[in-house]
Every structure is written in structure tokens, then in C-alpha cells.
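What follows is a single structure, written as C-alpha cells, with notes after it.
The values are calculated or read from the model by the stated rules, or taken from the named source; none is laboratory data. A quick note: this is a predicted structure, and the numbers were derived from the prediction, not measured. Counting neighbours? That spans all protein chains shown, and the Cβs are built from the backbone with ideal geometry, glycine included. Side chains included, ligands, DNA and RNA excluded: accessible areas come from the protein's heavy atoms. Shrake-Rupley method; radii C 1.70, N 1.55, O 1.52, S 1.80 Å.
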Amino acid sequence: MIIKNISLLNYRNYETAEVNFSQNINLIYGLNAHGKTNFLEAIFLLCLSRSFRQSKNSELLNKEANTFTINGTFIKDNESEKKIVVHYIRDGKKEISINKKKINSHSKIIGHFPIVIMAPDEFRITSGGPSERRRFLDILLSQVSLTYLADLQEYNRILKQRNMLLKNIRDSKFADEASLEVWTEGLIKAGSRIINFRLKFIQSFSKILNSIFKRFEKNGDTQLTIESTIQQKNEEMTEDSFRDALLSFRKKERILGTTYVGPHRDDLLFTIDGMDVRKYGSRGQHKSLLISLKIAEYNYLYQQKEEQPLLLLDDCYSELDEMREKSAFESVQGLGQIILTSPRKNILENKDYSHRDVNYYFVKQGTIEQIEN
Amino acid sequence: MQYSSVSMEKAISEFSKLPGIGRKSAQRLVFYLLKTQPHEVRSLAEAIIAIKEKIIFCTVCFNITETEPCKICTSETRDRSVICIVEEANDVLAIEKTTKFKGLYHVLGGALSPLEGVGPDDLHIRELLTRLNGTTTEVILATNPNTEGEATALYLEKLIKPLSLKMTRIARGLPVGGALEYADEITLTRALEGRMVI
């Protein structure tokens with residue numbers, strides 16, 4: 001899949017901007033804080049209907065503006081053309097349409113436009129809190145499976161309802177044990193489907209990750225496992241384990257007014273030769289691991305969707321270089337369309353990109369223009 | 001801006017309180033009514049007042065009605081052994097359109113949702129249980145197939161089970177006239193889960 005063009009209206013620091021992309025490499029350059037990353041954010045938003053910087057909709061508006069619009073044209077691998085429009089009015093909800101047809105569910109867009117992003121913020125996956133790792137997992141798996149996305153949405157909804165009920169019980173507004181039982185059953189059903197899906201995924205993904213990681217550290221072995229509040233033996237047992245875990249926290253839940261165990265408390269454990277990277281990893285190891293993780297994500301998504309994902313690199317040129325030199329790809333050609341940002345124009349010069357066209361775009365104070373080479 | 005007529009201003013502000021009607025639409029409606037025949041406007045006004053004065057909730061099934069109990073509850077031709085449980089009165093309307101269901105209804109008045117402060121006591125569940133006496137042999141759980149509707153159905157299932165009545169949940173699956181390839185993954189999964197032996 002490639003993105004052919006994008007136009008912004010009152011988005012971040014752009015009043016209006018329009019760009020046509022090449023299907024090869026697109027380099028957006030210019031001084032920092034002039035709006036390079038905003039472009040990547042807008043592309044990401046078209047594909048997944050959310051900001052990778054986890055910003056609120058209202059923060060995406062240009063200064064005093066009350067609406068923003070992003071318009072993008074994508075060409076899928078089967079050559080069909082999809083025009084996505086995201087429109088937001090202050091205090092409202094984002095409205096999204098594909099080929100002029102309004103969509104009312106995220107499942108109509110997530111996964112149809114596979115995308116992988118590498119940005120400085122992504123280092124939080126290996127070094128930040130558990131929620132960063134769950135976020136990585138959920139964004140990838142939601143792109144891969146619509147049922148996973150649906151289960152996740154349902155689980156989160158039930159969790160909210162159940163927590164509200166637990167709070168009511170804690171504050172002794174009413175001790176509605178009978179309806180708590182109902183929400184608990186729902187939580188176990190949807191939650192177990194999520195646990196099983198994650199478990200299956202991690203088992204195969206950990207192998208892919210390790211084979212890529214070995215290109216960076218020949219003698220190192222990396223392993224990826226799930227740390228869960230729920231004992232995981234086999235698929236059939238998950239519901240029972242979940243029920244047991246909830247039961248053992250029965251009292252605590254009622255005191256804290258919140259659900260204490262479940263996939264919403266999962267964490268990912270990265271190890272290198274048995275050592276917990278989150279705690280003890282060196283800066284170099286974090287970097288090798290993150291790049292391996294992103295290549296593995298790219299490969300996995302490509303393989304599952306049978307559609308070449310779009311790759312966004314936010315000021316990660318040195319990482320791209322390492323991907324090229326050590327990655328699973330024969331050449332950078334294997335990466336499909338790339339859109340990257342950098343403060344300097346010449347970062348791709350004197351490198352082996354001769355077989356790929358590079359388009360250059362210069363960003364300055366909320367304007368962007370294509371520069372002829 | 002200010003209108004030269006207080007009545008005009010009042011009418012516009014009343015209309016714009018309605019869902020989906022903004023100030024501009026309200027203005028258009030008022031101007032339209034201004035040009036309409038007096039008897040037509042009167043008939044509209046009477047219809048609006050009748051909503052509040054004549055329509056009541058049936059004390060048996062909690063469907064909307066003008067007679068007490070409602071026409072369905074008193075009908076001689078309905079099958080009194082089956083009760084179909086729905087969330088809202090407009091769900092009754094939807095099922096009635098099919099003309100396939102000949103039993104009685106029970107309108108809960110919503111679904112369980114702690115976030116919106118709706119618990120079992122806020123729904124017409126107690127009234128339902130008192131209805132499930134000798135004549136009822138089957139209940140159909142027809143709450144919405146969303147998170148809250150499913151939770152409500154499960155709650156009722158647990159409550160009604162000891163009464164050993166026949167209990168069914170409406171099926172969910174593929175829309176009629178749709179091709180399989182256009183159905184989304186989730187609908188298809190649910191349709192496969194609920195498949196039937198033929």
C-alpha cells in the first residue's frame with residue numbers, strides 16, 4: 001500500500017498544505033519545531049484514526065481554528081484507490097469517510113491501511129511503563145485481526161461498567177452482587193479471548209523477533225513473553241484461570257473499587273540472554289531491540305495482511321541505516337514506501353539508495369514544498 | 001439577532017431544543033408554519049399536546065399505549081404463553097412490523113449500565129417476574145446485541161432459569177440480502193458461532 005497524496009486544513013501548525021508522495025522514499029526536511037512530524041502524525045491518523053503522539057483531537061487544531069480536515073489518497077496493493085477524509089469540529093467527534101462513504105466504526109478503517117511507525121517516542125516500548133507495551137501490542141494486533149479489535153472494545157466497555165459497579169459497592173451505594181456476577185461473566189469471556197489471542201501471537205512473534213535480533217547481536221538471544229495477572233496453561237483453561245484469579249482478589253476489588261486482574265494488566269517481558277531489558281538493558285541494547293521489534297512488526301503485518309505496510313520514520317535516520325544494513329531485507333527496496341523526516345537534506349547522500357528515487361520536501365513554519373533534486 | 005416579534009423568538013427557541021434541530025432549522029420551521037393554514041398548525045399543536053396528555057405506559061408490559069392495559073396485552077388473538085423481553089418501546093414496534101410474533105411483550109425501559117446509573121431496580125424486572133406465572137411457558141430475550149444488552153440478557157437468564165421455562169435469545173448474524181463476502185469479520189464469526197443444524 002502507498003499513500004499518493006495528502007492535504008491538511010487547519011491541522012496543527014498548517015493552515016493549508018498539500019503534498020504528492022513518490023512510491024519510493026520521501027524525505028521531509030527542515031528545522032526542528034517547524035512541523036515535520038505533524039505530517040507523519042496526519043498520515044498515521046488517516047490509517048488508524050488516532051494520533052501516535054497520543055494527543056487529544058482538540059490539540060490537533062490550528063491555533064484559533066474550530067475544525068481541521070485531513071484528506072489522503074491511498075493505493076492498495078490490489079490497485080484500488082481509497083480516499084480517506086478525517087474531519088473534526090471542536091468539542092465534537094472525528095468524522096471519517098472512505099471514498100465519500102461515512103464510516104461509523106473504527107473496524108472499517110483499522111487494519112485496512114497497515115502502517116508501522118518508528119519515532120523517538122517509540123523507545124518507551126522497551127523502557128516505559130506497561131501501558132506503552134500494551135499499546136504496541138494492541139495497535140499491531142488490531143491491525144491484524146478485526147475480531148481482536150472487537151473483543152478489545154467489548155472488554156474495555158465491560159471493564160468500565162464493572163469498575164463503576166465495584167466503586168458503587170465500595171462506597172456502599174448498593175451491594176448489587178447479582179449484576180456484578182453478570183459483568184464478571186462478560187469480562188471473563190471477552191478477556192479470555194484476548195489472553196488467548198495474545199498468547200498465540202507472542203509465541204510466533206518471539207521467534208521472528210529473535211531471528212532478526214541476531215543480526216544485531218550475534219551471540220545474543222532475545223525472548224518475548226507475556227507477564228500476566230492470570231495463570232496461562234492452555235486455551236481451554238483460560239476462562240477458569242481468569243475466574244480463579246478474580247475470586248482470589250474478591251475482597252481487594254471491593255476495597256479498591258477496581259478490577260485487579262485481567263489482560264488490562266498484562267505486560268510484555270523482553271529478555272536478552274535471560275536478562276530483563278526493561279530494567280537492566282543498556283542504551284545500545286534498547287536500540288537494537290527496538291529496531292528489531294519494528295522490523296518484526298513490519299514483517300508480521302506484511303505477512304498477515306498480504307499487503308505492504310507504509311513505513312514512517314520520524315527523525316530515525318540512523319535506525320533506518322541499521323535496518324538497511326542488518327535487517328531481514330535484501331535491500332531497502334523490501335521496505336516499500338517510506339516517509340521520513342530529518343533536520344538535514346543530505347542524510348541520504350553517498351549511501352546506497354541509487355536504485356530508489358528520493359523525493360524531497362522542505363518544511364518551514366507551517367508550509368511545505370517539494371524541492372526538485 | 002433580535003426578531004421584531006416575541007412569539008417568533010419564543011417559537012424558534014422552543015423548536016431548537018428538539019434533538020437534531022439547530023437554530024437555523026428552527027427558524028425555517030417557524031417561517032414555514034407562519035405561511036401554513038391555521039387549521040393545520042392547530043392540528044400539529046394538538047398532536048404535540050396529545051403526546052403528553054394521552055400516551056401512557058401500559059402497567060402490565062410498559063409499552064406505550066392510550067388504553068390501560070394496552071391493546072396487545074388485552075388482545076384475544078395473542079398467544080399468552082410467550083413473552084418477548086425488549087429494552088425500549090420502539091423495539092416492540094420493530095418486532096410488530098415483522099407480523100411474525102404473536103405473543104406478548106415486556107418493555108424493560110433500558111439495559112443494565114452502571115456507568116449511566118442503571119441497575120436492576122431501575123428496569124421493570126420485578127414486574128416481569130410477577131408476570132411469569134402459570135400461563136407463561138416461554139420467554140424470548142430480545143435485548144440489543146451490544147455489551148449492555150448482553151449483560152441484561154445474562155442477568156435475566158440467571159433470574160428466570162429457576163422457573164424452568166423455555167428460554168431463548170434472539171439470533172444474531174448475517175443481514176438478509178447481503179453476500180457473505182461483504183459481511184464483516186465480526187458478524188461472520190458470530191454467525192458461525194450461532195449456526196444451526198438443518
- Over segment A:75-233, the quotient of the Cα radius of gyration and 2.2 N^0.38 Å is 1.32
- Enter the angle in degrees (range 0 to 90, nearest 10) between the Cα long axis of helix B:38-53 and the first principal axis of the Cα atoms of chain B, meaning the one along which they spread out most. 40 degrees
- Item | Of B:Gly22, B:Gly117, B:Gly103, the one that fluctuates the most in a GNM where chain B has Cα springs shorter than 10 Å | B:Gly22
- Grab the DSSP H runs of chain B that are 4 residues or longer, score each as -39,500 (n - 2.57), total them, divide by all residues and round the 222 nm result to the nearest 500 deg cm²/dmol. -12500 deg cm²/dmol
- Shielding by partners for A:101-108, please: the mean number of other protein chain Cβ atoms within 10 Å of each residue's Cβ. 1
- Around B:Asn90: net Lys/Arg minus Asp/Glu count, Cβ-Cβ under 13 Å: -3
- What accessible surface, in Å², does a 1.4 Å probe find on B:Asp184, ignoring ligands, DNA and RNA and rounding to the nearest 10? 60 Å²
- Query: Relative contact order of chain A: what whole-number percent is it, with Cα pairs under 8 angstrom and at least 6 residues apart?
  - Reply: 26 percent
- Net charge near B:Pro120 (other residues with Cβ under 10 Å of its Cβ; Lys, Arg +1; Asp, Glu -1) is -2
- Query: With chain B treated as a Gaussian network of Cα nodes joined by springs under 10 Å, which of B:Leu93, B:Leu163, B:Leu180 yields the largest mean-square fluctuation?
  - Reply: B:Leu180
- Globularity ratio of the protein assembly as shown, using Cα Rg and 2.2 N^0.38 Å: 1.18
- Could you state the accessible area per residue of segment B:78-192 in Å², with a 1.4 Å probe and every protein chain left in place? 53 Å²
- What percent antiparallel are the DSSP beta bridges of chain A, to the nearest 5? 70 percent
- Mean 1/r over distinct Cα pairs of chain B, inverted to a Kirkwood Rh in Å, yields 20.4 Å
- Item | Base-10 log of normalised Debye intensity for segment B:78-192 (one unit scatterer per alpha-carbon) at q = 0.16, 0.17, 0.21, 0.24 Å⁻¹ | -0.81, -0.90, -1.22, -1.40
- Item | For segment A:233-302, accessible area per residue (1.4 Å probe, heavy atoms of protein chains only), Å² | 47 Å²
- Nearest 10 degrees, 0 to 90: what angle lies between the long axis of helix B:147-160 and the longest principal axis of chain B (Cα atoms)? 50 degrees
- Task: Using only the alpha carbons of segment A:220-323, determine the length spanned along each of the three principal axes and report them from longest to shortest in whole angstroms.
- Result: 53, 36, 27
- Message: Given an 8 Å cut-off on Cα distances and at least 6 residues of separation, report the relative contact order of segment B:78-192 as a percent.
- Response: 25 percent
- Item | With Cα atoms, 0 to 90° folded angle of helix B:89-98 axis to chain B main axis | 70 degrees
